[in-house]
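The numbers here are math on the coordinates, done by the rules we state, and not lab data. What you are looking at is a predicted structure, and each value in this text was computed from that prediction instead of being measured. We place every Cβ from the backbone using ideal geometry, glycine too, and count neighbours over all the protein chains shown.
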Amino acid sequence: MAKIRAVLCGYYGMGNGGDEALLASLLQMLPPQVQPVVLSGNPKQTRDRYQVPTYPRKSIASFQLLRESDVFIWGGGSLVQDATSALSPV
C-alpha cells in the first residue's frame, strides 16, 4: 500500500507545551500508512524531537508541499485569529 502524505499544520515549534502535546498525540494516532510532514516554527527542533520531516511554517516551500500532499490536517488552538498580529490569519 502506498504511503499517504499528510501535512500537519499548527502552532508547532513555537514553545507552547499544549500545542506540542497535541502534535505528539496526533502523531501517535496516525495510521501506519500515513507519512506526516509537520509545518513548524522551529523545524530542526520539531524534526529532532518527533523524528518526522518538517518545513518552516512560513516558507513559500510549504505551498508546494501542500500541492504535493494527499491530506492537510489543521490542528491546535486559535490558528485563525488576529489578536497577536494582522498577519496571523494569513
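Put simply, the amide H of residue 35, placed in the peptide plane, has neighbours under 5 Å in 4, 5, 6, leaving out anything fewer than 5 places away on its chain. For the range 52-69, backbone phi angles converted through the Karplus equation (6.51, -1.76, 1.60; θ = phi - 60°) give residue-by-residue couplings of 10, x, 9, 9, x, 5, 10, 8, 4, 4, 5, 5, 5, 4, 4, 5, 8, 9 Hz, Gly and Pro being listed as x.
Couplings 3J(HN,Hα) of the range 41-50, computed from phi: x, 9, x, 5, 4, 5, 4, 5, 6, 10 Hz, in residue order, whole Hz [Karplus 6.51 cos²θ - 1.76 cosθ + 1.60, θ = phi - 60°; x for Gly and Pro].
Using the average count of surrounding beta-carbon atoms within 10 Å as a protection proxy, the listed peptides 30-43, 48-61 rank, highest first, as 30-43, 48-61. Here the Karplus curve 6.51 cos²θ - 1.76 cosθ + 1.60, taken at θ = phi - 60°, turns the phi angles of the range 13-22 into couplings of x, 10, x, 9, x, x, 5, 5, 5, 4 Hz, with x standing for Gly and Pro. Were the residues from residue 24 through residue 4 laid out at 0.36 nm apart, the gain over their Cα-Cα distance would be 5.3 nm. Counting 0.36 nm for each residue step from residue 35 to residue 65 and taking away their Cα separation leaves a gain of 9.5 nm.
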